[in-house]
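> Pasting a structure here, questions to come.
The values are calculated or read from the model by the stated rules, or taken from the named source; none is laboratory data. Predicted model, so just to flag it, every value in this text is computed and none were measured. FYI the Cβ positions are ideal-geometry reconstructions off the backbone, even for glycines, and counts take in every protein chain you see.
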Amino acid sequence: MPVCPTGAVHEVGLDDLFFSTTDAKGVITSANEVFVRLSRFSQEVLLHAPHNIIRHPAMPGGAFRAMWDTITSGQVFACYVRNLAADGSEYNVFATITPLRDGSYLSVRTRPVCEELLSTALSVYGGARKVEDRALTQGSTRREAAQLGAAHIVRTVKGLGLEDYEAFQNTALPAEVARREELGATWPERPFASGPLGTMLRTVTDLNEDLGAWTKRQDELADLAGSLRAASHRLSHALAPARLTNESVSLLAHEGPQVSRLTELLRLWLQMQGIVSQQVDRLVRDLALMERSVGRMRLRIALARLHAAVTDSFIVERIDSQDAPGVHSAAELSHGAIGQLTQALEDGIAELARHSTQHAASGGADHPGDCPGPAGPDHSSSAVAHVELQPCGPGPAPAAADPAAVPGHHAGHPQLCPGPGRAQRACGAVPGARRRRVDRDPVPARGRGRPGPH
């Protein structure tokens, strides 16, 4: 029986980090305790239910159409969502949906803390919902209405001065992660935890510190890229009104001998103006590409930090739970959700390395080989050599990245685990990180499931 909204609202706490995984069709395969509590469904009801069990009727189909189009192409999607709990109350979340290697999805949700961005998103959704309702009354199918809603969302985002929805999420995700930390979100620690869980907890904590060191540098680059692009646009607009044309110069040539001699100088200026205009146009394009590249890097770093936070939270949840007392065997862990979380975190670092290489090649660094660290411009930091949260072993390399670009990837050891003396420095892959080799109890890789966006 469908749940009807009551108008009641319940808040997501600042420290509430919740996730779910779904299969390719959006059926829930795992969920943590926080999701169960906030959705107010039992875990038995949630598991194997479609993720839209918590969809609020005010949410436009276009938002989910855009999400599926993005994640089925292998890309990350981030959005604000209004959900409907089992008792009819509603709650807002900021959600990220990440494709995993096996075709499943991981969705992580947090409390929205950037109120202006949340209000903007809900306003855009309201307009899209009206477009869809109108289309449905005129005989459109739900799929057709959702496509119209998605198009409305894109148009509205462009009207806000953003190039597309990707530019919006590249802004929103880093802003949400940064603001959450500013408000004092806690990072649970269990310093005396032992076994695989204790080792993984310390590894994730170290990784988060390393990622934080790079966040500041990327924020500075984003500010610089935005300022340069704005300046290039002002230069382009300043040149436009003053541009001469061949026609206007030719007309001056008929005004008399003295003016005719002047036209020779004007024709020379006309040639120079063409060269300058081409260079300015190229500068505008290059700076736009750099700004987009920096935006993607910031999104990837913020996503990795978010995944690290939810992994930490869930590991602590497992350590503290009565169902996981004391020592955890590898078999126990392999049947939990930790495998999906650590897989997403590992793949995120690999993708971050790939984006870093592309960013440097496109002009994000002085030279493609430059990156902060002992050999690069920032001599105060080095780069993350590798992250390893699961055991080495044969298996497919992360599909989203070239193995050569993945820190610590070696043939036969696709899960980011260099042996002694084999740690590799990933250029640009998280400056501020320390090289480390983490000793751990073996934790086997495990199967995954998929979360939806809600």
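Residues are listed down the side, and each one gets a yes or a no for (1) among the acidic types (Asp, Glu); (2) under 16 Å from the mean Cα position of the chain (by Cα); (3) assigned to a loop (DSSP other than H, G, I, E, B):
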| site | (1), (2), (3) |
| --- | --- |
| Leu106 | no, yes, no |
| Ala145 | no, no, no |
| Lys158 | no, no, no |
| Gly161 | no, no, yes |
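> Separate question: Condition test on Ala66, is it closer than 30 Å to Glu144 by Cβ and part of a helix (DSSP H, G or I)?
Yes, satisfied.
> Can Val12 be described as at pLDDT 95 or above and under 20 Å from Phe94 (Cβ atoms)?
yes
> Ok, one more. With (1) among the charged types (D, E, K, R); (2) under 22 Å from Ala121 (Cβ atoms); (3) in the same structural domain as Gly127 (by TED's automatic domain parsing) as the list, and Glu11 as the residue in question, which single condition is left unmet?
Failed condition: (3).
> State whether one or more residues within the stretch 230-251 are surrounded by 18 or more Cβ atoms within 10 Å (Cβ to Cβ), part of a helix (DSSP H, G or I) and either of a type in the set (A, V, I, L, M) or modelled with pLDDT under 85 (or both).
Checked against the condition, which is being surrounded by 18 or more Cβ atoms within 10 Å (Cβ to Cβ), part of a helix (DSSP H, G or I) and either of a type in the set (A, V, I, L, M) or modelled with pLDDT under 85 (or both), the stretch 230-251 yields at least one hit.
> For the stretch 43-62, does any single residue satisfy the condition of being of a type in the set (Gly, Ala, Ser), assigned to a loop (DSSP other than H, G, I, E, B) and surrounded by 20 or more Cβ atoms within 10 Å (Cβ to Cβ)? Even if it seems obvious, please write down each step before you answer.
First, pick out the residues of the stretch 43-62 that are of a type in the set (Gly, Ala, Ser): 49, 58, 61-62.
Remaining after also requiring assigned to a loop (DSSP other than H, G, I, E, B): 49, 58.
Of the ones still in play, those that are also surrounded by 20 or more Cβ atoms within 10 Å (Cβ to Cβ) are none.
No, that holds for no residue.
> Just give me the residues in the stretch 172-198 being buried (at least 18 other Cβ atoms within 10 Å of the Cβ) and either touching a helix residue (DSSP H, G or I) at 6+ places or on another chain (Cβ under 7 Å) or among the hydroxyl-bearing types (Ser, Thr, Tyr) (or both), in sequence order.
Scanning the stretch 172-198 gives Ala172, Leu173, Pro174, Val177, Ala193, Pro196, Leu197.
> Consider Arg101 carefully, then state whether it is at pLDDT below 95, among the charged types (D, E, K, R) and either part of a helix (DSSP H, G or I) or within 24 Å of Lys25 (Cα to Cα) (or both). So that I can check it myself, show each step before the final result.
Values: at pLDDT below 95: yes; among the charged types (D, E, K, R): yes; either part of a helix (DSSP H, G or I) or within 24 Å of Lys25 (Cα to Cα) (or both): yes.
Yes, satisfied.
> Show the residue pairs that are 6+ apart or on different chains and have beta-carbon atoms under 9 Å apart, the first residue being within the stretch 104-126 and within 28 Å of Gly339 (Cα to Cα), the second being assigned to a loop (DSSP other than H, G, I, E, B) and among the basic types (Lys, Arg).
Note: pairs meeting the criteria are Ser104/Arg448; Ser104/Arg450; Tyr105/Arg448; Tyr105/Arg450; Leu106/Arg448; Leu106/Arg450; Ser107/Arg450.
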